[in-house]
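Here is the structure we will look at.
The values are calculated or read from the model by the stated rules, or taken from the named source; none is laboratory data. The shown structure was predicted, so the numbers you read here are calculated from the model rather than taken from an experiment. Methodologically, a virtual Cβ is constructed for each residue, glycine included, from the backbone with ideal geometry; neighbour enumeration extends over all protein chains shown.
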Amino acid sequence: MDRQTLLATIIGVCVLNGLFSPYLAIAVPITVTLVPELFPRTGPWILFFSSIFLSTATLLFSGVPAALYERLVDKDPTGRTSMYIWLGIAMLLTLPALGTVSRL
């Protein structure tokens, strides 16, 4: 796979985690304080921003080991190994969400 396809797959996995994560209950109180005043603080908006919050957190936290690998080991900026590491860690973080999806 090329780097653009890998990035799209990583983003898709992170969105899946944001939608179905069992940690959504933890993200909701955090999101209530972070929702801008422009949007109403109703249930659908809070769930929407909580999902975005979890998706972004998954994307960022799974990218840290890949960035460390690319910085310390692989000096080639066009290499795909760090992208595969990023995808693997994102999939590991998404495993609890897959359990939620299987119960639906």
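Restricting attention to segment 79-104, the residues that are more than 13 Å from Ser21 (Cβ to Cβ), of a type in the set (Gly, Ala, Ser) and part of a helix (DSSP H, G or I) add up to 3. The conditions of being within 10 Å of the chain's Cα centre (by Cα), among the aliphatic types (A, V, I, L, M) and surrounded by 11 or more Cβ atoms within 10 Å (Cβ to Cβ) are not met by Val28. Just one of the numbered conditions (1) exposed (fewer than 15 other Cβ atoms within 10 Å of the Cβ); (2) in contact (Cβ under 8 Å) with a residue 24 or more places away in the chain; (3) part of a helix (DSSP H, G or I) is not true of Arg71: (2). With respect to the conditions (1) without any contact (Cβ under 8 Å) to a residue 12 or more places away in the chain; (2) more than 19 Å from the chain's Cα centre (by Cα), Gln4 lacks only one, and its number is (2). For segment 38-49, the count of residues that are assigned to a helix (DSSP H, G or I), of a type in the set (Gly, Ala, Ser), modelled with pLDDT under 90 and exposed (fewer than 15 other Cβ atoms within 10 Å of the Cβ) is nonzero.
Being modelled with pLDDT of 95 or more and under 19 Å from the mean Cα position of the chain (by Cα) is a description that applies to Thr58.
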